[in-house]
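Colleague: First the structure, then my questions, so here it is.
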Amino acid sequence: MRASDLNGDYQGPHGMRVSLGHTSTRYPEGRTAQVGTVRVRNWAISLEELGGNGPAGSGFQGAGTWEFRQEETTGGEGFRQIKLDFLRGTPERRMPADPQYLEIGGTRSEPELFVETDPDTCPSIVFHR
C-alpha cells in the first residue's frame with residue numbers, strides 16, 4: 001500500500017470522521033516523507049482513552065497534516081501507519097497536543113485505519129473509507 005492509496009474520507013465510531021488529502025514529497029529532518037492535509041470532525045482528543053460513549057462533548061473539529069510512515073519493528077516485521085499533526089481547530093483549548101497515530105490495514109482498494117493498542121486483540125476504533 002502507498003500513501004496515494006489512502007486519500008479520501010473515512011468514518012469511525014461515534015460519528016468520528018477523517019479526510020486525508022493528496023500527499024506530496026517533503027524532506028523533514030533529512031529524510032523523505034509523504035505528507036498531505038488532514039481534516040477531522042468529532043475527533044476524540046485521545047484515541048487510546050476513547051470510551052464506549054464516544055468523545056467527550058462534541059469532539060474536536062480541526063485540520064493539520066498527515067504523514068505516511070513505513071517502518072520495521074525491532075524484530076524485522078514491517079508495518080505501515082499514518083501520523084496526524086493538528087495545526088488548528090475548535091475548541092483550541094482541547095486540540096490534541098501530541099501527534100495521533102493510526103495503523104493501516106485492509107487493501108489498496110478498501111483501506112482501513114485503526115488504533116492498535118494491543119496486537120493480540122482486535123482494534124476497537126476502526127475507520128472505513
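Readers should treat all values here as calculations from the given coordinates under stated rules, not as data from a laboratory. Bear in mind that the values here come from a model prediction, so they are computed numbers and not experimental data. Here Cβ is always computed from backbone atoms with ideal geometry, including for glycine, and neighbour counts include all displayed protein chains.
Colleague: Could the peptides 12-21, 103-112, 81-90 be put in order, highest first, of the mean number of other beta-carbon atoms found within 10 Å of their residues? Mind dumping the intermediate values first?
Modeller: Details: 12-21: 18.1, 103-112: 14.0, 81-90: 16.2.
Result, highest mean Cβ count within 10 Å first: 12-21, 81-90, 103-112.
Colleague: Extending each Cα 7 Å along its Cβ direction at residue 26 and residue 83, get the distance between those two points in nm, one decimal.
Modeller: 1.0
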